[in-house]
1. How much length is gained on full extension from residue 103 to residue 6, taking 0.36 nm per residue of separation minus their Cα-Cα distance?
2. Can you put 121, 82 in order of Cβ neighbours within 10 angstrom, beginning with the fewest?
3. Quick one: helix 257-268 against the long Cα principal axis of the chain, what's the angle to the nearest 10°, folded into 0 to 90?
4. In which sequence would 162, 26 go, from the one with the fewest C-beta neighbours within 10 Å to the one with the most?
5. Taking springs between alpha-carbon atoms closer than 10 angstrom, which of 33, 132, 66 fluctuates most in the Gaussian network model of the chain?
6. Sorted from fewest to most neighbouring beta carbons within 10 Å, what does the list 108, 149 look like?
7. I want to verify a result. In a Gaussian network model of the chain, Cα cutoff 10 Å, which of these has the top mean-square fluctuation: 190, 202, 228?
8. Given a Förster radius of 41 Å and the C-beta distance between residue 95 and residue 196 as r, what FRET efficiency does 1/(1 + (r/R0)^6) yield to the nearest 0.05?
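All of the numbers you see were taken from the coordinates with simple rules; none came from a lab. What you see is a predicted model, and the numbers here were worked out from it, not measured in a lab. Neighbour counts are summed over all protein chains in view; Cβ atoms, including those assigned to glycine, are modelled from backbone coordinates with ideal geometry.
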Ligand SMILES: [Zn+2]
């Protein structure tokens, strides 16, 4: 990219200590994509930049590109997401998503749509009522389905990947690697190509379809039964593992599972 100094707004995705007193920040900016930025002296107790450069906020930053590093020279908070920071469920959910974006989004690729997707989602969560473990997994899965769309991996949920005809409930199978549904006729006929296709329950398929296109506020509505959300989470994980760049040895929802166990403990106590 041909710039030496810019002002932009962004969301801090990840912070890591660097050298003795500095920090490295991964910042998703609105106009310049994800950037790895150096905060000089940010580990020192009286560092001026550090308090504003936190993940639960939208910030305006001034950046200077040097030979080795992009350095943050000033930062100003535009919006702080207090609820996301303080509420453990939402904090866990957001940290998990930011961690994934930090890992798989390429640096230096301007992508304002991705920025809008993330900031809309954060604002929505900030204003949402309490979010339990199952709803958290559903919201995160919905975001990943939108990210897959955004990065050009269209998951086929209505027509057969092979013959293109519309699939009917209970007469299709699921193949995450090929990116969606295949009708049982094609799966049977070309069993060599589709041997890995699995059964998919209609309830889980309905959740996938709904999660991809519903408005954010509508995502709070459907009842989430144990087995349905479990299937949904596994289906989304398989898609993410196959189609988003990066190495997904653990499922996207793993950090939210402890919330589910807290809830079930609270119910039985
Ligand atoms: Zn077919």
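1. 32.5 nm
2. Numbers: 121 19, 82 11.
Taking fewest neighbouring Cβ atoms as first place, the list is 82, 121.
3. For helix 257-268, the angle is close to 70 degrees.
4. Details: 162 18, 26 23.
Ordered from fewest to most neighbouring Cβ atoms within 10 Å, 162, 26 come out as 162, 26.
5. 66
6. Values: 108 11, 149 14.
Least crowded to most crowded, the residues run 108, 149.
7. Of 190, 202, 228, the most mobile in the Gaussian network model is 190.
8. Numbers: r = 33 Å, r/R0 = 0.80.
Between residue 95 and residue 196 the formula returns 0.80.
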